[in-house]
Amino acid sequence: MTTRFVLLGLALAMPLQAQRVTLGANFGGSSAGGDLASSTDWKSGWSAGANLTYRLSGKFGLRADANLAQNDLSGTVPIPGERRFNKVSYVADAVWQREEMPGTRILPYVLAGVGAVRVHDKGSDSTFSRFAGNLGVGVGYRLGRVGLRAEGRSLLYKFDRFGYSKTENDLLWQAGLTLKI
C-alpha cells in the first residue's frame with residue numbers, strides 16, 4: 001500500500017519538476033588518444049549515445065550517460081577476432097552550465113563523472129569491463145523545449161587484455177538533440 005502512495009506522489013510531482021529533466025541523443029566520432037603499442041594503433045570510429053539530465057539548480061545538474069563507440073585496430077595485432085572493438089560506457093556525470101535565464105540561447109557547460117566501460121572484441125567472445133572516468137566540455141543552443149548540443153569528452157579506462165596494459169583515453173566528439181520533458 002505504501003508503494004502505491006509513493007508512486008502516486010511521484011506521478012503527481014512529475015509536472016512540477018518537468019522543466020528540470022532533459023533527454024538527449026548524440027551521434028559522432030571516437031578516437032583513441034594513443035596507441036596500444038609501437039606497432040598497434042587505434043583507427044577513428046563512430047559513437048552514439050543517450051543521456052538524461054536532472055537539474056538540481058540553475059547551474060548544476062546530474063546526468064546519466066550511455067554510449068556505444070566502435071574502433072578498429074591496425075598494425076601488427078596479436079588479437080583474435082576481427083580487431084574491431086565495441087566499447088559501451090555507462091557514466092554518472094556532474095554537469096555545471098551557464099544559468100538559463102529568459103532569452104538565453106547559448107549554454108556552455110563542463111562535465112565530469114565516473115562509471116564503467118565494457119569492451120567487446122567483435123568476432124570473438126572476449127569481453128571485459130573496467131572502471132572509467134569521464135571529463136568533457138560542450139555547448140547547447142536552446143530553441144524552446146528542443147535544443148542542439150555539441151560536446152567533446154575524454155573517457156579514461158584501463159585496457160589490460162591480449163598482452164597490453166595501458167590506460168586508454170578515448171575521445172568522443174558528438175552532436176545531437178535535447179528535449180526538456
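Readers should treat all values here as calculations from the given coordinates under stated rules, not as data from a laboratory. In this text the structure is predicted, and so the values were computed from the model without any measurement. With ideal geometry, Cβ positions are generated from the backbone for all residues, glycine too; neighbour counts draw on all protein chains shown.
One table, with the values for the structure above:
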item	result
Two-site label geometry, residue 126 and residue 59: point separation in nm, points 7 Å out along Cα→Cβ	4.7
Net charge contributed by nearby residues that have their C-beta within less than 9 Å of residue 115 (K/R +1, D/E -1)	-2
Gain on full stretching of the segment that runs from residue 72 to residue 46 - 0.36 nm per residue minus C-alpha separation	8.3 nm
Gain upon complete extension [residue 31, residue 101; 0.36 nm per residue less C-alpha separation]	21.6 nm
